[in-house]
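> The following block contains the structure, expressed as structure tokens.
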Amino acid sequence: EVRLRSRVHHGSHQECIYTLMTFGVPRKCFPISPSGDLLVDKHGEFLAMRRRQEAAWAARNHTSHHAHLHENIIVVPRNDDVLLGRGRPFQEHAGNMRCNYVVLSTMEKYEEASRNDKTTIARNVINKIKGYGGRFLKQHEGVWEEVDDSEALRKISHSFRTHRQLLKAHQSSTNEGGNNSKKNTSDKRHRED
């Protein structure tokens with residue numbers, strides 16, 4: 001069954017962009033410039049990518065051994081998917097932000113765990129993400145492919161390490177800021193005397 005849904009967005013260009021971003025549509029996908037010009041360069045890139053994909057699928061499907069590969073290729077990731085990669089587009093993807101929330105919510109438990117238990121906790125994070133329909137995807141030749149659990153485990157373990165470093169840096173900057181404010185307060189007291 002195919003179900004079509006549409007929603008009309010109105011307002012200024014900026015308001016429409018922000019509204020679409022709440023639905024998981026990245027700013028760069030908006031096909032109209034602030035001046036009202038139609039932007040077709042991304043559409044041309046998308047068409048070229050689709051032609052490459054279809055040619056690859058046709059070549060693979062000539063043998064029955066590779067006929068199942070067409071089903072494993074993902075053109076557009078869902079909001080629940082975790083995208084493996086670097087940079088702001090990956091960080092701002094809804095699935096990656098949700099993954100970070102799950103990692104942060106288990107961070108304390110992870111830090112107190114033994115090495116084997118850390119692996120179990122990371123696997124539980126993967127299962128939780130998969131439980132709500134998320135997949136771990138990596139881009140390859142213009143399409144997204146689901147990675148195996150070992151690569152997903154590396155991604156989650158890396159997230160725990162990254163958050164540990166960020167939390168330590170935040171704590172040290174907070175402690176330094178706290179020490180400076182105490183020093184400034186004591187300096188003020190001496191000046192007043």
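> Looking at this structure, is Lys128 surrounded by 10 or more Cβ atoms within 10 Å (Cβ to Cβ), under 15 Å from the mean Cα position of the chain (by Cα) and at pLDDT 85 or above?
So Lys128 fails the test.
> For region 68-90: of the residues being outside any loop (DSSP other than H, G, I, E, B) and open to solvent by less than 80 Å² (accessible area, probe 1.4 Å), which is modelled with the lowest pLDDT? Full working, then the answer.
Start the filter on region 68-90 by keeping residues that are outside any loop (DSSP other than H, G, I, E, B), which leaves 69-74, 82-84, 88-90.
In the following step, the residues that additionally are open to solvent by less than 80 Å² (accessible area, probe 1.4 Å) were identified as 69, 73-74, 82-84, 90.
Details: Leu69: 48, Ile73: 67, Ile74: 77, Val82: 95, Leu83: 93, Leu84: 93, Phe90: 85.
This residue is Leu69.
> Pull up region 33-42, narrow it to residues that are within 20 Å of Val76 (Cα to Cα) and surrounded by 10 or more Cβ atoms within 10 Å (Cβ to Cβ), then point me to the one that is modelled with the lowest pLDDT. Talk me through it step by step, then tell me what you get.
We begin by selecting, within region 33-42, every residue within 20 Å of Val76 (Cα to Cα); these are 39-42.
With surrounded by 10 or more Cβ atoms within 10 Å (Cβ to Cβ) added as a condition, the list becomes 39-40, 42.
On the way: Leu39: 79, Val40: 78, Lys42: 69.
Per the criteria, the residue is Lys42.
> Given the condition open to solvent by less than 20 Å² (accessible area, probe 1.4 Å) and more than 28 Å from Cys29 (Cβ to Cβ), answer yes or no: does some residue in region 109-119 qualify?
Taking every residue of region 109-119 in turn, at least one turns out to be open to solvent by less than 20 Å² (accessible area, probe 1.4 Å) and more than 28 Å from Cys29 (Cβ to Cβ).
The values are calculated or read from the model by the stated rules, or taken from the named source; none is laboratory data. Keep in mind the model is a prediction, meaning the values are calculated, not measured. Cβ atoms come from the backbone with ideal geometry, glycine included; neighbour counts cover every protein chain shown. For the accessible areas, the whole protein counts, side chains as well, though only heavy atoms, and no ligand, DNA or RNA atoms are used. Shrake-Rupley method; radii C 1.70, N 1.55, O 1.52, S 1.80 Å.
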